[in-house]
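Here the structure is laid out as structure tokens; the discussion comes afterwards.
The values are calculated or read from the model by the stated rules, or taken from the named source; none is laboratory data. None of these values were measured; they are calculated from a predicted model. Positions of Cβ are generated from backbone atoms using ideal geometry, with glycine treated the same way; all protein chains shown enter the neighbour counts.
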Amino acid sequence: MPVNSVVMLIICIFAFIPLLLAEIARNRSLPTISDFFLQGRGLKIFPMYATVFATWMSAFAFMGAISYFYEQGPIYMTTIGWDALFAALFYGVGRRIWFYGKCRGYVTPADFFSDIYGSKALSLTVTGIAVVFTMIYIQVQMVGGLFLIQIATEGYISWQVSGLIFFAILVIYLWAGGLRAVALTDMFYGALIIITILGCGLFLMKTAGGMEKMFAAVVADDVSHVTLGGEEGSARIGLWLSLFVVVPVGAFMGPQMWIRNFSSGSVKNFDLLPLLLCLSSIICIGTLFAGSASILLNEGGKAGDTLIASLMLRYAPPLLCAFVFIGIAAAILSTANSQIHALAAIYTMDIHKKYINRKITERRLLSVAKWSVLLISIAAYILILVIPQSVFQLGVIALGGMMQLIVPVLGALFWPRSTSKGALAGLWGGILVFFLTAALTDIDTSGCALFGLVVNGMLFVIFSLLHRGGNAAGEKIQAYRISFYNHLK
């Protein structure tokens with residue numbers, strides 16, 4: 001059997017399994033909005049961990065990470081710190097969001113802001129931020145994926161067709177089972193991601209001569225390959241610190257993570273989830289090995305987001321190569337499915353139900369939710385064709401924008417002086433500063449995002465303190481905090 005036929009067969013099997021899981025999810029589903037978007041607020045700890053982990057481990061963390069490691073040195077190993085902060089956010093913030101959502105029926109981030117701050121303008125701003133930056137982040141998953149099958153099949157399937165295949169798979173199982181289908185497929189995707197990242201790293205390390213020989217050769221070539229600062233040394237400290245904040249906070253503020261918080265079946269899930277996420281950092285060893293080996297195996301060659309695919313085609317046997325490709329595809333699909341599902345929730349609940357048909361029945365609303373999955377997927381596919389950014393830089397832009405939401409969220413959870421005017425001023429000011437500094441200066445994108453966050457926080461505090469008169473938001477913040485602490489007792 002020709003090599004590309006073997007690869008295609010494995011890809012077809014990979015594509016079939018999520019569809020089988022979707023049928024299982026469909027048979028268990030209930031015809032309600034709560035079940036479609038939140039699995040009836042009944043996610044148990046293992047499915048919750050699987051879907052959070054698989055969503056967190058995107059193409060940004062697979063294809064982009066290894067190519068960035070190859071080009072910039074081991075700065076990406078600071079991702080272990082990202083994992084720790086990401087996990088801590090679920091314990092410190094996520095369980096509060098879960099409790100508020102459970103008590104007051106939240107489905108989307110805008111529900112949280114609308115209830116506490118009571119501002120239509122703020123709710124629309126939050127909805128806009130979630131839609132724009134989540135659409136950008138979907139491109140992070142698909143930009144590399146467009147060329148994945150084309151490379152794997154040696155051009156037999158074009159990048160246009162490969163993109164359609166990815167989106168078709170997503171639409172079918174999202175339509176069939178909503179979050180229930182996402183959680184089931186994410187268990188499958190998550191296992192593939194762990195095995196392929198570790199397996200790929202170990203194989204390339206062995207191909208480069210083994211651990212001792214590989215690192216000795218890397219150091220002999222240039223010691224900057226094994227120092228966090230890379231060739232720029234301490235000048236990169238700012239990048240380490242900014243990425244430490246931007247990536248985990250931006251990912252946590254994505255609407256897909258809000259939905260996972262709302263969907264938890266118990267507050268106890270938030271006690272174990274952070275530990276499981278931290279333990280998952282072991283897969284960074286695979287990135288370390290693959291990135292270091294690529295310095296030797298791809299010496300003088302082209303880098304870019306398809307680096308890992310090129311190396312596997314060059315050095316790996318067909319079966320192993322195909323297995324790594326489906327692992328990359330799993331990383332792509334496991335995050336894209338959650339984002340499209342979250343965007344469908346935002347359109348259905350925050351736009352259609354509020355502004356198009358307020359009296360719509362739940363059965364019709366469920367139909368709107370499913371059709372929105374299809375329409376959002378079509379829109380995302382079209383956008384892929386016109387966005388040329390690299391996976392890593394595109395990911396930082398998306399996460400940097402979403403990160404701005406953390407300021408009014410923390411205010412709504414912990415500071416009774418918070419106001420909607422402060423939240424609006426902070427969000428608009430922070431995003432404006434983020435984009436202006438990114439466009440007009442040479443500061444790294446993550447640094448621009450962090451600068452925007454600082455401005456966001458300052459404006460939020462200043463405008464909130466300038467508020468005079470009664471503060472209904474502050475009264476709710478205090479009352480909700482007391483209710484949450486009473487629940488924990």
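With the structure loaded, tell me whether residue 172 is β-branched (Val, Ile, Thr), assigned to a helix (DSSP H, G or I), closer than 16 Å to residue 54 by Cβ and in the same structural domain as residue 333 (by TED's automatic domain parsing) or whether it fails that test.
Working: β-branched (Val, Ile, Thr): yes; assigned to a helix (DSSP H, G or I): yes; closer than 16 Å to residue 54 by Cβ: no; in the same structural domain as residue 333 (by TED's automatic domain parsing): yes.
So residue 172 fails the test.
Can you name the number of the only condition in (1) modelled with pLDDT of 90 or more; (2) of a type outside the set (Phe, Trp, Tyr); (3) exposed (fewer than 15 other Cβ atoms within 10 Å of the Cβ); (4) in a helix (DSSP H, G or I) that residue 13 fails?
Answer for residue 13: the failing condition is (1).
I'd like the residue in segment 267-290 that is buried (at least 24 other Cβ atoms within 10 Å of the Cβ) and not aliphatic (A, V, I, L, M) and, out of all such residues, is nearest to the chain's Cα centre (by Cα).
For segment 267-290, the residue satisfying everything is 287.
Look at residue 88 and say whether it is in contact with a helix residue (DSSP H, G or I) (Cβ under 8 Å, 6 or more places away or on another chain), at pLDDT below 95, surrounded by fewer than 19 Cβ atoms within 10 Å (Cβ to Cβ) and not basic (Lys, Arg). Walk me through how you get there before you give the answer.
On the way: in contact with a helix residue (DSSP H, G or I) (Cβ under 8 Å, 6 or more places away or on another chain): yes; at pLDDT below 95: no; surrounded by fewer than 19 Cβ atoms within 10 Å (Cβ to Cβ): yes; not basic (Lys, Arg): yes.
Here the answer is no, as residue 88 does not meet what is asked.
Going through segment 416-440 one residue at a time, which ones are part of a helix (DSSP H, G or I) and in contact (Cβ under 8 Å) with a residue 40 or more places away in the chain? Give the derivation first.
Narrowing segment 416-440 to residues part of a helix (DSSP H, G or I): 420-440.
Within segment 416-440, 420, 421, 422, 423, 424, 427, 428, 431, 438 meet the criteria.
If you scan segment 438-482, which residues turn out to be under 24 Å from the mean Cα position of the chain (by Cα) and of a type outside the set (A, V, I, L, M, F, W, C)?
444, 445, 446, 447, 452, 456, 457
What is the one condition in (1) farther than 29 Å from residue 489 by Cα; (2) crowded, with 24+ Cβ neighbours inside 10 Å; (3) polar (S, T, N, Q) that residue 264 does not satisfy?
(1)
From the list 333, 365, which residue is surrounded by fewer than 24 Cβ atoms within 10 Å (Cβ to Cβ) and not assigned by TED's automatic domain parsing to the domain that holds residue 452? Even if it seems obvious, please write down each step before you answer.
Details: 333 fails: surrounded by fewer than 24 Cβ atoms within 10 Å (Cβ to Cβ).
Sole residue among the options that is surrounded by fewer than 24 Cβ atoms within 10 Å (Cβ to Cβ) and not assigned by TED's automatic domain parsing to the domain that holds residue 452: 365.
So residue 229 ticks every box in (1) crowded, with 16+ Cβ neighbours inside 10 Å; (2) at pLDDT 85 or above but one. Which box is left unticked?
Checking residue 229 against (1) crowded, with 16+ Cβ neighbours inside 10 Å; (2) at pLDDT 85 or above, the one that fails is (2).
Taking the conditions exactly as written (surrounded by fewer than 18 Cβ atoms within 10 Å (Cβ to Cβ), within 29 Å of residue 99 (Cβ to Cβ), modelled with pLDDT under 95 and in contact with a Ser or Thr (Cβ under 8 Å, 6 or more places away or on another chain)), does residue 471 satisfy them or not?
Details: surrounded by fewer than 18 Cβ atoms within 10 Å (Cβ to Cβ): yes; within 29 Å of residue 99 (Cβ to Cβ): yes; modelled with pLDDT under 95: yes; in contact with a Ser or Thr (Cβ under 8 Å, 6 or more places away or on another chain): yes.
It is true that residue 471 is surrounded by fewer than 18 Cβ atoms within 10 Å (Cβ to Cβ), within 29 Å of residue 99 (Cβ to Cβ), modelled with pLDDT under 95 and in contact with a Ser or Thr (Cβ under 8 Å, 6 or more places away or on another chain).
For the list (1) outside any helix (DSSP H, G or I); (2) within 22 Å of the chain's Cα centre (by Cα), I need the number of the one condition that residue 209 fails.
So the condition that residue 209 fails would be (2).
Out of (1) surrounded by fewer than 24 Cβ atoms within 10 Å (Cβ to Cβ); (2) in a helix (DSSP H, G or I), what's the single condition that is false for residue 443?
That leaves (2) as the condition not met.
Looking at (1) closer than 19 Å to residue 279 by Cα; (2) modelled with pLDDT under 90, can you tell me which one residue 50 breaks?
(2)
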